[in-house]
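Student: Once you've had a glance at the structure underneath, I'll fire off some questions.
Read the figures in this text as sums done on the coordinates, not as results from a lab. Note that the structure is predicted; figures quoted are calculated from it, not measured. Cβ coordinates were reconstructed from backbone atoms using ideal geometry, including for glycine residues, and neighbour counts include every protein chain displayed.
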Amino acid sequence: MSARDATPYDIDYDEVYRDTADSGGPPWDIGGPQPALAAVLDRGVKGPKVLDIGCGAGDLAIALARRGHQVTAVDISRVAIERARAKAAGEGLTVRFEVQDATRLSLPSAPFDSVFDSGLLHSLVRRGGDAADAYLAALPGLAAPGATVFVLAVSLADGQGWGVTEELLRAGFAEPEWVGTEVEEIQVAAETGGQRLSLPGFLLRTVRALDA
Ligand SMILES: C[S@@+](CC[C@H](N)C(=O)[O-])C[C@H]1O[C@@H](n2cnc3c(N)ncnc32)[C@H](O)[C@@H]1O
């Protein structure tokens, strides 16, 4: 990241993962996929090639690999990726985990048949600058025609002063690049100090247009 890109909400994710290692991980690390995404894992995931962007400690990517998908998963945090690699290796699963910045992705194995974003877009919106726009502009090139994209994000309505709105999500996944966009109100799970929390959020599902 260059100084030009720095904003007041830049977070050092390596530090966050390192500092919380002994207390169960950051609040979003609930030890498994978000419940709203777990519900779609056995239906509606197009394969074989699946991408998880901002994969964190890897539980969603690993759940997808367990179901036989060829999973690539990226995160800006090397600490998170090392943790994710160790978990996958412990289960004997092959997942291509890479340290990459979602605002400047380089993925020669694109395009993918399904793309997952569990909590990344809202992090980029929170960071400000042009991070979310750069990410959203790259997504059509990562999704194969007909691919399904899932985005899970905390709602601005949560009252923490950050998050996304349904309007922002719909504007980011508009026609002609994306079709059939649905935005469902869901609860986003978090865990802090051993306690489960639930935040209002959204699950967006959309399909990459066949001919855009
Ligand atoms: C809210 S966490 C969600 C992690 C994981 N997807 C989950 O559901 O547990 C957001 C993740 O995005 C990663 N992240 C933040 N900015 C990023 C960027 N520019 N490129 C790639 N990953 C990023 C963070 O390191 C963090 O792991």
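Student: Tell me the residue from 117, 158 that is among the charged types (D, E, K, R) and either surrounded by fewer than 21 Cβ atoms within 10 Å (Cβ to Cβ) or over 21 Å from residue 33 (Cβ atoms) (or both), please. Write out each step before concluding.
Tutor: Numbers: 117 fails: either surrounded by fewer than 21 Cβ atoms within 10 Å (Cβ to Cβ) or over 21 Å from residue 33 (Cβ atoms) (or both).
Just a single option satisfies the conditions, and that option is 158.
Student: Select from region 137-151 the residues that are in contact with a helix residue (DSSP H, G or I) (Cβ under 6 Å, 6 or more places away or on another chain) and surrounded by fewer than 23 Cβ atoms within 10 Å (Cβ to Cβ) and list them in ascending order. Reasoning before the result, please.
Tutor: Taking region 137-151 as the starting set, the residues that turn out to be in contact with a helix residue (DSSP H, G or I) (Cβ under 6 Å, 6 or more places away or on another chain) are 151.
None; the set is empty.
Student: Still on this model: Among the helices (runs of 4 or more DSSP H) confined wholly to region 1-116, which include 1 or more residues that are away from the ligand (no atom under 12 Å from the Cβ)? So that I can check it myself, show each step before the final result.
Tutor: Working: elements: 13-19, 35-38, 59-66, 78-90.
Helices (runs of 4 or more DSSP H) meeting the threshold: 13-19, 59-66, 78-90.
Student: Of (1) surrounded by fewer than 19 Cβ atoms within 10 Å (Cβ to Cβ); (2) of a type in the set (Val, Ile, Thr); (3) closer than 15 Å to residue 206 by Cβ, residue 94 satisfies all except one. Which?
Tutor: Only one criterion is unmet by residue 94, namely (3).
Student: With (1) touching a residue at least 60 places away in the same chain (Cβ under 8 Å); (2) among the aliphatic types (A, V, I, L, M); (3) near the ligand (Cβ under 9 Å from one of its atoms) as the list, and residue 144 as the residue in question, which single condition is left unmet?
Tutor: Residue 144 satisfies all of (1) touching a residue at least 60 places away in the same chain (Cβ under 8 Å); (2) among the aliphatic types (A, V, I, L, M); (3) near the ligand (Cβ under 9 Å from one of its atoms) except (3).
Student: Here's a follow-up. Criterion first (loosely packed, with under 14 Cβ neighbours inside 10 Å, among the small types (Gly, Ala, Ser) and out of contact with any Phe, Trp or Tyr (no Cβ under 8 Å at 6 or more places or on another chain)) does residue 39 satisfy it?
Tutor: Criteria met by residue 39.
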